[in-house]
Amino acid sequence: MSLGVSVQPLIDTSAIRLVLLHDRDGKLLALLPGEQMLDLTRLAQLTGRDLQPVKGEDAKRFFAQPGMQTAAGLEKLLALPLALDSGCPEGAVSGYEPHTGWSFQLTGLPAHEQVVKGTFALPPQEPHKAAAGAADEVVITRAVEKFTSLRVKQRLEDTLSLPGLSESMQLIVKLRSDPSAGVDDLVPVIKRDPSLSAQVMGWASSPYYAAPGKVRSIEDAIIRVLGFDLVVNLALGVAMGQVLKLPDDTPRGAVSYWDQAIYTATLAEMLAQRSTLEPRPRPGIAYLGGLLHNFGYLVLGHLFPPHFSRLSRYIEANPHLEQRLIEQEVLHVTREQVGGWLLDSWKLPSEVCTGVRYQQEPELANEEERIYAQLIYQSSRLLRSRGLSDGPHTDCPEGWPEALGLTPEQVQQSLDEICAQTESLAELSGMFHRGR
């Protein structure tokens, strides 16, 4: 189960972008303004071909060829069939390929008999601007009306026909929201659910937690090894992942859903633990927010299965863009909007809902809970720099560690610890895979 594609940073915001596509008739290059979105539908109309972007790994191999570093190699490349967007500037221009960061210089735009010119690039639109002040529920309803045959009912929950949480999970949600709840309340809930009991025992025996001695009971697993917060969070993460399944045709060459969830949760928790802000962010809430940060992607897969392949190809064709911008263009709604809304309707803690909803735009979150959106935002971008999360490599805002009550050294230490533990963390995420 994968989410997107990783990409090298944009070298020059004024550069044009080169995209390698193919179909049964062969390869085609597309040149378009570097920061704009390649619209595959418009490109198909322009060329009369059903083109798809090549896989990221294939693009890396192709552009890593020694010949690409020579003038003759560039000339041969640009002799391929080529679509040229009308927004590309005339005259000398620099260009880049996003998967590899490979760059080139042109004295002028290509002009030969296999060049076709037209408009197939779009400026991406921020979701909150597209919403124009409308509530998330309204935005989701409009998208459902436009892209599905579902009959809109009075309650959006009824319209979407989303599966509900099991009785055990509903009880665990209540425990998560109850500040006075403890192990004595949790153990009976776990014991009455055989599947959940087996998972808790499996987590406690994982090498990542390195429990001394054999784990002999649910009480032992929770009290001695995992703790109340972690068991509740992991149980909720599993429950959310099992309620909704992801379609098979997801973007190719990505970090898996559960790997990203575990990496983000663990790093967000570490940063929260080391923060000196007052009041301090709650590490357990930060962990749960990280674990569920991409939950909305599962919801999109459930709501829009006929359009999901198209979304996946657009993500592959535009790896330099944040995925919320692509989702806005293709589906008119984002994973953050649907994920935050659904978690709120299931009555998860408001801090988690806020963190998930505003993880890409922390500045829009309410001040009291903004820290949880910031922790997910920064964790995701740090992980991208090490290839452990999907999306473009972008710099974090200047001074952000101090804004979260951290030093740059603490941030670096936390990221290094995650990277050193990827093998055991991947084994933990594998338990989530097997539980599906």
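The values are calculated or read from the model by the stated rules, or taken from the named source; none is laboratory data. Remember, it's a predicted structure, so these values are computed and weren't measured experimentally. Positions of Cβ are backbone-derived with ideal geometry, glycine not excepted, and every protein chain shown enters the neighbour counts.
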Search region 106-134 for residues being closer than 15 Å to Ala30 by Cα and of a type in the set (Val, Ile, Thr), and hand back the single one that is nearest to the chain's Cα centre (by Cα). Thr119
Could you check region 393-424 and list, in sequence order, the residues that are among the small types (Gly, Ala, Ser), in contact (Cβ under 8 Å) with a residue 40 or more places away in the chain and surrounded by fewer than 17 Cβ atoms within 10 Å (Cβ to Cβ)? Ser424
Tell me, yes or no, whether region 362-374 has at least one residue that is buried (at least 16 other Cβ atoms within 10 Å of the Cβ), among the small types (Gly, Ala, Ser) and farther than 18 Å from Cys419 by Cβ. yes
Does Ile285 meet the test of being over 20 Å from Gly391 (Cα atoms), assigned by TED's automatic domain parsing to the domain that holds Arg384 and modelled with pLDDT of 90 or more? yes
Report those helices (runs of 4 or more DSSP H) wholly inside region 318-436 carrying at least 3 residues which are out of contact with any Gly (no Cβ under 8 Å at 6 or more places or on another chain). 323-331, 335-345, 370-384, 400-403, 408-420, 422-435
Of a type outside the set (Lys, Arg) and at pLDDT below 95 - does that describe any residue in region 39-46? no
Quick one: in region 136-164, which of the residues that are in contact with a helix residue (DSSP H, G or I) (Cβ under 6 Å, 6 or more places away or on another chain) and part of a loop (DSSP other than H, G, I, E, B) is nearest to Leu234 (Cα to Cα)? Pro163
Hand me the list of strands (runs of 3 or more DSSP E) wholly inside region 4-122 holding 1 or more residues that are under 30 Å from Ala261 (Cβ atoms). 16-23
Give just the number: which of (1) assigned to a helix (DSSP H, G or I); (2) out of contact with any Gly (no Cβ under 7 Å at 6 or more places or on another chain); (3) surrounded by fewer than 24 Cβ atoms within 10 Å (Cβ to Cβ) does Phe308 not satisfy? (2)
